[in-house]
């Protein structure tokens with residue numbers, strides 16, 4: 001009888017631990033920041049639009065097509081522009097971002113839904 005009881009306890013423990021492990025894994029798989037589109041690519045969802053005239057590097061790197069170096073180049077350009085031109089905005093539209101080396105029309109088009117100019 002002891003062996004049957006021990007087997008049932010082990011089986012029950014196995015089922016419970018498997019359920020916990022699967023539940024834990026599902027928590028990692030479902031990420032509210034990223035959703036998969038029909039093409040198999042991930043779509044970025046931002047809480048609000050980003051203004052390249054005031055955004056720090058940490059915010060700019062979240063834009064599609066920008067990495068840390070391009071985001072840093074935007075901030076550096078913006079700072080030098082502001083020193084030379086006072087309070088005038090460095091970027092008035094998406095095309096102005098093409099003044100940054102490595103940012104072309106395709107990159108501007110990719111991030112156009114997530115940027116704003118005020």
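Of the candidates 115, 44, the single residue that is surrounded by 13 or more Cβ atoms within 10 Å (Cβ to Cβ) and modelled with pLDDT under 90 is 44. Among the residues making up region 63-77, those that are touching a residue at least 24 places away in the same chain (Cβ under 8 Å) and either touching a helix residue (DSSP H, G or I) at 6+ places or on another chain (Cβ under 7 Å) or not assigned by TED's automatic domain parsing to the domain that holds residue 48 (or both) are 63, 64, 65, 66, 74.
Residues in region 61-79 that are closer than 11 Å to residue 97 by Cβ, part of a loop (DSSP other than H, G, I, E, B) and either at pLDDT 95 or above or touching a strand residue (DSSP E or B) at 6+ places or on another chain (Cβ under 9 Å) (or both): 63 alone.
The values are calculated or read from the model by the stated rules, or taken from the named source; none is laboratory data. These numbers come from a predicted model, not from an experiment. Glycine gets a Cβ as well: all are built from the backbone with ideal geometry, and neighbour counts include every protein chain shown.
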